[in-house]
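For reference, the structure is listed below as structure tokens.
A short reminder: the numbers here are calculations on the coordinates, not readings from a lab. Since the model is a prediction, treat every value here as computed from it, not as a measurement. Quick reminder, even Gly has a Cβ in these numbers, built from the backbone with ideal geometry, and neighbours come from all protein chains shown.
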Amino acid sequence: MFYFTEDIAQLVQHAARSVTGQWEIEPEELPALTGFAVFPTPLATYTRADGASVPIVAFSWGPTDLIEDPSNGVWITFWSATDYSAVEKALRGANLSAAEAARYARTLHAELTWDNEIYLPFGHTAAPVIADPAEGPRLIDPRVVVAGQTTTAWLPIVIAAWLFCRPNSFTVAEDEHLPRTMRRRAERAGLETSPVRVVSVSRTPQRSATRPAEPSGRTVGVRFPVAPFVRRQAYGPGRQLRRRTLVAGHWRGPADAPIRIGKTVNLVNKPVTG
């Protein structure tokens, strides 16, 4: 399980803008065979049929038994924050009191709700087949990308998030364990107690990154990023193959200064395609 801190989540969003060829995924781009990634703020939103805004706050991935050979692709599931008010409204419509509706809403529903999915065969480059909910369940063709109407724009964020889970100059990934008392209580209840890998800002000073003073003589009192971006880098025999690489930017300012990430993040280079 991965958790992105707010600072890193913003950088993921910026890097996602430079992701190209998003339908072409290779197994080595996944930070783990299976995983669950949680964001502190929505990684995406969309408008529901009733006009409500739905925040997507997590995604999970792994193989699927819906196709003959699960190792041929990856199944990505997006999760929204559960709309307890909508659940309570539906329960009150079934003649439950407000107190009963509130209690049952949280008993029957977890904090995250399955929302939508994408299936990606490894090495596929063509445009996706957009699933029509009116068609109902159907067999998955393991040779093509299958996506929902809303999910096609979310995939670059997933790819950028995967890249940030790999070693880079911006982040540090640390395993966080439950406190002993909570862990024992969870184990007695038969719940999972594996650690959560938290992807957060690295506080390790970078020699080329920390510049306490500007040429003008001004002192930099905050730490801010010169943003990374994603490009497809040549490798392999004759450099004929391509793989995505997170081109690391760097941090400016003292390592112990407050972090500031504004709406604009400067890039050190233009994204390279091809």
Check Arg197: other-chain or 5+ apart residues with amide H under 5 Å from its amide H, H built from backbone geometry? Phe2, Tyr3, Glu176
In nm, to one decimal, how far is the modelled label at Val222 from the one at Ser85, with both set 7 Å along Cα→Cβ? 3.1
Using the per-residue mean of other Cβ atoms lying within 10 Å as a proxy for protection, in what order, highest first, do the peptides 121-127, 19-25 fall? 19-25, 121-127
How much length, in nm to one decimal, is gained on full extension between Glu176 and Arg92, taken as 0.36 nm per residue of separation minus their Cα-Cα distance? 26.3 nm
